[in-house]
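Have a look at the structure below, then the notes.
The values are calculated or read from the model by the stated rules, or taken from the named source; none is laboratory data. Fair warning: this is a prediction, and the values are worked out from it, not measured in the lab. Here the Cβ positions follow ideal geometry from the backbone for every residue, glycine too, while neighbour counts run over all protein chains shown.
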Amino acid sequence: MHRRAGRVTPYHRFGLWLTKYVGGVYFLRYIWTPLDRLLYRVRAGRHGIAPRALPTMLLTTTRHRTGRPRSTPVLYLQDGRRYVVVGSNYGRRHHPAWTGNLISTPDATVQIGERKERVLARRARAQEFERYWPRLLEIWPGWRTYRSMTRRTFRMFALEPIGLPTDEQTV
């Protein structure tokens, strides 16, 4: 299990417990994530409601139908300068909208804390999926539950930074 600063908080344990139950997954999907997105913005990227032990970013993609930006809090795995994200959509039958947005427009922005950077997304190759999946499960074992709730294969993306990180006022 992923630990930041060597400990897992009760908050983190509660989230993991929720993922063991379909009702808990619905709670995370419809209450936790929208609230997390709102608090991440209000707190200027310091953190949302997700436990600080979880590596969370605010991923901003361009909607493929409207061209407008859409921000979504997502868990990520850092591999060097690259970020790896997975589109589980809490085990729903369809892929999350942000994955379709990345496929149509791979340019995106990530915000981790107060730092924002532009990234270029690409679908992870099969061998990368196999390599990253166990590491992602260490961060959030709940993905096992989500995977058991659907027949679809989750989309995984490697987000490669473009240039240097920017301050919170730009991008």
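Residues to consider are L120, L137, L77; find the one that is free of Cβ contacts under 8 Å to residues at least 24 places away in the same chain and either of a type outside the set (K, R) or buried (at least 20 other Cβ atoms within 10 Å of the Cβ) (or both).
One residue alone meets the criteria, L137.
Within the stretch 24-51, which residues are at pLDDT below 65 and closer than 15 Å to W143 by Cβ?
A50
Under 6 Å by Cβ, and 6 or more places apart or on different chains, what pairs join a residue from the stretch 141-170 that is under 24 Å from L18 (Cβ atoms) and in a strand (DSSP E or B) with one that is modelled with pLDDT of 85 or more and not aliphatic (A, V, I, L, M)?
Close Cβ pairs (under 6 Å, with a partner that is modelled with pLDDT of 85 or more and not aliphatic (A, V, I, L, M)) amount to R155/G87; R155/H95; R155/T99; M156/F129.
Take the conditions among the acidic types (D, E), in contact with a strand residue (DSSP E or B) (Cβ under 6 Å, 6 or more places away or on another chain) and under 20 Å from P55 (Cα atoms) and apply them to E160. Does it pass?
In short, yes.
Out of Y21, Y83, I need the residue that is among the hydroxyl-bearing types (S, T, Y), closer than 20 Å to A108 by Cα and either surrounded by 15 or more Cβ atoms within 10 Å (Cβ to Cβ) or modelled with pLDDT under 90 (or both). Which one?
Only one candidate qualifies: Y83.
Considering only the stretch 86-100, how many residues are among the aromatic types (F, W, Y) and surrounded by fewer than 18 Cβ atoms within 10 Å (Cβ to Cβ)?
Final tally of qualifying residues: 0.
For the stretch 101-112, what are the residues that are surrounded by 15 or more Cβ atoms within 10 Å (Cβ to Cβ) and either of a type outside the set (V, I, T) or out of contact with any strand residue (DSSP E or B) (no Cβ under 7 Å at 6 or more places or on another chain) (or both)?
N101, L102, I103, P106, A108, Q111
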